[in-house]
1. Return the residues of segment 61-85 that are outside any helix (DSSP H, G or I), surrounded by fewer than 11 Cβ atoms within 10 Å (Cβ to Cβ) and not aromatic (Phe, Trp, Tyr); say none if nothing qualifies.
2. So residue 29 fits all but one of (1) modelled with pLDDT of 80 or more; (2) surrounded by 11 or more Cβ atoms within 10 Å (Cβ to Cβ); (3) not in a helix (DSSP H, G or I); what number is the exception?
3. Just name the residue that is modelled with the highest pLDDT out of those in segment 43-56 that are exposed (fewer than 15 other Cβ atoms within 10 Å of the Cβ) and farther than 15 Å from residue 108 by Cα.
4. Please list, ordered by first then second residue, the pairs with beta carbon atoms under 7 Å, 6 or more apart or interchain, first in segment 69-81 and under 14 Å from residue 50 (Cα atoms), second small (Gly, Ala, Ser) and assigned to a strand (DSSP E or B).
5. Regarding residue 110, is this residue closer than 15 Å to residue 46 by Cα and within 12 Å of the chain's Cα centre (by Cα)?
6. Which of the residues spanning segment 88-125 are more than 16 Å from residue 53 (Cβ to Cβ), in contact with an Asp or Glu (Cβ under 7 Å, 6 or more places away or on another chain) and part of a loop (DSSP other than H, G, I, E, B)?
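The values are calculated or read from the model by the stated rules, or taken from the named source; none is laboratory data. This structure is a prediction, so every number in the text was calculated from the model and none was measured. Positions of Cβ are generated from backbone atoms using ideal geometry, with glycine treated the same way; all protein chains shown enter the neighbour counts.
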Amino acid sequence: MPELCEGINCRCRSNGLTLAVELARRHILARIIDKCDSSSTLSRALGITSRSLELLSPQDVSRQLIEEGIAIQEAYIYQGTRLVMRMPLHPCSSYFPTILGLPQDRTEMILSATLSAMGVQVEYQIKLL
């Protein structure tokens, strides 16, 4: 088993939390700090890519995300009321064959819970100087 190392990760949004899960899986325990008072209840993003789901599959996070999310098969772009483009969102070969729709705040809650189970806590109201 590899020796435990420590690192620091500022801003615990979905990208930082995903990084922390992957580091913890590799026995690198990151300290997660955020200057905000608590996790956000707002969503600034709603799509999770197949590659992110693949990365999170060893910790069973992707299964939890897929259970709560919805598959987004294609995107439509309109100019006014006229359909300008229809774009399929499914890569030829991938872990999950489309984009997964799930609000960012829910994604962050699942990632935080996974980190907590791995022994890593998110610390709020801490600012790196």
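1. Looking only at segment 61-85, we keep the residues that are outside any helix (DSSP H, G or I), and these are 69-85.
Those still in the list that are surrounded by fewer than 11 Cβ atoms within 10 Å (Cβ to Cβ) too: 76-85.
Once the filter is applied, which keeps residues that are outside any helix (DSSP H, G or I), surrounded by fewer than 11 Cβ atoms within 10 Å (Cβ to Cβ) and not aromatic (Phe, Trp, Tyr), segment 61-85 yields 77, 79, 80, 81, 82, 83, 84, 85.
2. Condition (1) is where residue 29 drops out.
3. Checked segment 43-56; the qualifying residue modelled with the highest pLDDT is 54.
4. The qualifying pairs are 69/101; 70/101; 72/47; 72/101.
5. Details: closer than 15 Å to residue 46 by Cα: yes; within 12 Å of the chain's Cα centre (by Cα): yes.
Answer is yes for this residue.
6. 125
To keep it simple, each residue is scored yes or no on (1) among the polar types (S, T, N, Q); (2) within 19 Å of residue 19 (Cβ to Cβ).
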{"position": "47", "(1), (2)": "no, yes"}
{"position": "51", "(1), (2)": "no, yes"}
{"position": "68", "(1), (2)": "no, no"}
{"position": "79", "(1), (2)": "yes, no"}
{"position": "84", "(1), (2)": "no, no"}
{"position": "96", "(1), (2)": "no, no"}
{"position": "100", "(1), (2)": "no, yes"}
{"position": "106", "(1), (2)": "no, yes"}
